[in-house]
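The values are calculated or read from the model by the stated rules, or taken from the named source; none is laboratory data. These numbers were taken from a predicted model, which means no experiment stands behind them. Using ideal geometry, Cβ is built from the backbone for each residue, glycine included, and neighbour counts are taken over all protein chains shown. Only protein heavy atoms, including side chains, enter the accessible area calculation; ligands, DNA and RNA are left aside. Shrake-Rupley method; radii C 1.70, N 1.55, O 1.52, S 1.80 Å.
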Amino acid sequence: MEEVLKFLSENNPFYFATVDGDRPKVRPFGFFMYYENKLYFGAGKHKKSYQQILANPYVEISAASAKGEWIRINGKIVVDDRESVLEKAFETLPRLKEIYNEKTGYKMGLFYLEEATAEIADTTGGFKKITLR
């Protein structure tokens, strides 16, 4: 897991793919955190990406480094609406509080991956598969 967290930290933004009906949708994401031994992500509950994961919880995340390496993470989303998770998200990235609050009316949806694996590869054919727990 350490290698996955390091890669995401060093290569931000990363790209988050969902399914919209029968079509893939990819967009840049910046927020992630490791909490209670789970890899969490978040999106505004008002956004299409959040609605798409509710309809189809299978996602894929990808990022590339300047050194010619890339990561691909896939798994199944599990929504976690606990207040303690939201507090941890605000602690991890305090500027989220400026977006998700009573004044704006926006609510943050937080979710973690289960049944997840990561693949780290490079242009020389190097490849490593990691099961995320």
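So here's what we get for this one:
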{"item": "21 Å tail of the calculated P(r), region 49-120, as % of Cα pairs", "result": "43 percent"}
{"item": "Solvent-accessible area per residue, Å², over the chain with all protein chains present [probe radius 1.4 Å]", "result": "59 Å²"}
{"item": "Calculated P(r) of the chain - Cα pairs past 24 Å, %", "result": "28 percent"}
{"item": "For residue 129, net neighbour charge (Lys/Arg +1, Asp/Glu -1) across residues whose Cβ lies under 12 Å away", "result": "0"}
{"item": "For region 1-54, convex hull of alpha carbons as volume per residue, Å³", "result": "92 Å³"}
{"item": "Net lengthening on full extension, residue 3/residue 104 (0.36 nm per residue, minus Cα-Cα)", "result": "32.8 nm"}
{"item": "Estimated FRET transfer efficiency (residue 37, residue 128; beta-carbon r; R0 30 Å; 0.05)", "result": "0.90"}
{"item": "Surface share of carbon and sulfur [accessible, 1.4 angstrom probe, percent] for the chain", "result": "49 percent"}
{"item": "Solvent-accessible area of residue 2 with every protein chain in place, 1.4 Å probe, in Å² to the nearest 10", "result": "140 Å²"}
